[in-house]
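The structure under discussion appears below in the form of structure tokens.
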Amino acid sequence: MTEVDFIIVGQGLAGSTLSYQLAKLGKKIAVFDTQRETSSSWVAAGLFNPITGRKMAKTWRADDLFPFLMQYYSEIEKNCGERLLNKMGIYRPFVSIEEQNEWEARTADEAYEKYIERVSQKSEFVPIKDGFGGIHLKQSGFLDVQNYLEAMANILKNKGVIYKTELFETPLMNLDSGHVKYKDIEAKRVIFCDGRASMENPYFKWLPFKLVKGEILHVESKMTLNKIINRGVFVIPQTENHFRVGATYDNFDLTLSTTPKGRLQIEAKLKELIDVEYAVKGQYAGIRPATRDRKPFIGIHPKYKSVGIFNGLGAKGVSLAPYFADQFAQHLVNQSALDKEVDISRYFSFYNDNVSVTQYE
Ligand SMILES: Cc1cc2nc3c(=O)[nH]c(=O)nc-3n(C[C@H](O)[C@H](O)[C@H](O)COP(=O)(O)OP(=O)(O)OC[C@H]3O[C@@H](n4cnc5c(N)ncnc54)[C@H](O)[C@@H]3O)c2cc1C
């Protein structure tokens, strides 16, 4: 038997950050990950943006999350010697004078001031339809998620983590001893960072997940952009002439197939935003592990104390994972408090020991 402190199931954004923080605290880890190419993380655009949503409000816990993510990804970049985090401003065109005035007023608001670079009252970018000007945001950018995941697998292996590219078969796990026995590994705890698979996980399917499919396009165009453009869709400059454009939100179709409807939706919004020739070079789909209250699911199972979860990162894995992985690792190792808003204990009343499948709204 190989003895470890933690088995981590899944090496998406959640599993990568949690494994790293636990290894940093001196814990022995075994990671299981398979089918990464179908994970939400693999298709994600990697955007981190402090002002989000239709109402363009400051994102939940931005003042904690954003300084932390900058420091975390820069630490990872030093570890692997690669650039992974692209700090880049966001430009959001206004659609009316009223909106322009509203943002002028917000620049004086202390809560927003550190995320606003400036308000522009007239058109600034040639291909963008921005007749009313727009707002320039800062402390934003995107993570090169696929390279990050590859880099993390290597960093973890270099830190002595046992890395298994295979399916973790939850029914084969034995918890009788109070520890976790799985094949030839014995662990004090197993933490599921299994993304959408938690919906079928016998230990956590009672949690109110609200999965959301997303589709994204990879586009080629001769336009030059030095900002992320965001209105209806985001347009993220990648390498020269290459852009990511997305994304859709669909609660009903939870298949992994790309759809003509998804492509049409994205292209329609792109044409509203930018007047430019382009060619679609790829279309990708993934399932965001979102939750009913839009807050992560973190904590230990109400009955099985050797089983935990780090999930529910929804549409914001890049910004949520670093801060909450650190918090959860401290909780697991040093028993420090978990934020009540993310702790799964907020849903313990949903757990029924006798009924393994429960219907939720
Ligand atoms: C189109 C799209 C665009 C997005 N854009 C952004 C964005 O711009 N910014 C942002 O922050 N977020 C974005 N997201 C959301 C982001 O992808 C998620 O928040 C994040 O990836 C969730 O990470 P995760 O590790 O929890 O889950 P996942 O990425 O799904 O990872 C789970 C991993 O666990 C593995 N696994 C599951 N079960 C097992 C098992 N039994 N054994 C072994 N391995 C297992 C899976 O194969 C997978 O590798 C986007 C999502 C989509 C779909």
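The values are calculated or read from the model by the stated rules, or taken from the named source; none is laboratory data. Keep in mind that what you see is a predicted model, and the values were worked out from it rather than measured. As a convention, Cβ positions derive from the backbone with ideal geometry for all residues, glycine included, and neighbour counts pool all protein chains shown.
Hey, any hits in the stretch 96-104 for a residue that's in a loop (DSSP other than H, G, I, E, B) and closer than 23 Å to residue 319 by Cα?
So far as the stretch 96-104 goes, no, none of its residues is in a loop (DSSP other than H, G, I, E, B) and closer than 23 Å to residue 319 by Cα.
Results for (1) within 16 Å of the ligand (Cβ to nearest atom); (2) touching a strand residue (DSSP E or B) at 6+ places or on another chain (Cβ under 6 Å), shown as yes or no for each residue.
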site: 11; (1), (2): yes, yes
site: 32; (1), (2): yes, yes
site: 37; (1), (2): yes, no
site: 41; (1), (2): yes, no
site: 54; (1), (2): no, no
site: 63; (1), (2): no, no
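Answer with yes or no whether residue 226 is part of a loop (DSSP other than H, G, I, E, B) and polar (S, T, N, Q). Before the answer, list the steps.
On the way: part of a loop (DSSP other than H, G, I, E, B): yes; polar (S, T, N, Q): yes.
Yes.
Which members of the stretch 191-214 meet the condition of being within 6 Å of the ligand (Cβ to nearest atom) and either without any contact (Cβ under 8 Å) to a residue 24 or more places away in the chain or not in a helix (DSSP H, G or I) (or both)?
193, 194, 214
So which of 273, 320, 313 ends up being more than 15 Å from the chain's Cα centre (by Cα), in contact (Cβ under 8 Å) with a residue 60 or more places away in the chain and at negative phi? Break it down into steps so the answer makes sense when it comes.
Numbers: 320 fails: more than 15 Å from the chain's Cα centre (by Cα); 313 fails: more than 15 Å from the chain's Cα centre (by Cα).
Exactly one residue qualifies, and that residue is 273.
Restricting attention to the stretch 113-148, and to residues there that are buried (at least 20 other Cβ atoms within 10 Å of the Cβ) and in a helix (DSSP H, G or I), which single residue is farthest from the ligand (Cβ to nearest atom)?
148
What number of residues within the stretch 168-183 are assigned to a strand (DSSP E or B) and farther than 17 Å from residue 31 by Cα? Show your work before the answer.
Going through the stretch 168-183, the residues assigned to a strand (DSSP E or B) turn out to be 174, 180-182.
When the remaining residues are screened for being farther than 17 Å from residue 31 by Cα, the result is 174.
Within the stretch 168-183, residues that are assigned to a strand (DSSP E or B) and farther than 17 Å from residue 31 by Cα number 1.
Would you check if residue 74 is modelled with pLDDT under 95 and away from the ligand (no atom under 14 Å from the Cβ)?
Values: modelled with pLDDT under 95: no; away from the ligand (no atom under 14 Å from the Cβ): yes.
No: the conditions fail for residue 74.
Output the number of residues of the stretch 157-166 satisfying the condition of being exposed (fewer than 12 other Cβ atoms within 10 Å of the Cβ) and within 13 Å of residue 4 (Cβ to Cβ). I'd like the intermediate steps shown before the answer.
Start the filter on the stretch 157-166 by keeping residues that are exposed (fewer than 12 other Cβ atoms within 10 Å of the Cβ), which leaves 158, 160, 166.
The next check asks that each one be within 13 Å of residue 4 (Cβ to Cβ); those that pass are 160.
Within the stretch 157-166, residues that are exposed (fewer than 12 other Cβ atoms within 10 Å of the Cβ) and within 13 Å of residue 4 (Cβ to Cβ) number 1.
Among the listed residues 104, 99, identify the single one that is away from the ligand (no atom under 14 Å from the Cβ), free of Cβ contacts under 8 Å to residues at least 40 places away in the same chain, crowded, with 17+ Cβ neighbours inside 10 Å and of a type in the set (Asp, Glu).
Sole residue among the options that is away from the ligand (no atom under 14 Å from the Cβ), free of Cβ contacts under 8 Å to residues at least 40 places away in the same chain, crowded, with 17+ Cβ neighbours inside 10 Å and of a type in the set (Asp, Glu): 99.
Of all residues in the stretch 167-183, which are in contact with a Ser or Thr (Cβ under 6 Å, 6 or more places away or on another chain) and surrounded by fewer than 14 Cβ atoms within 10 Å (Cβ to Cβ)?
Correct list: 167 only.
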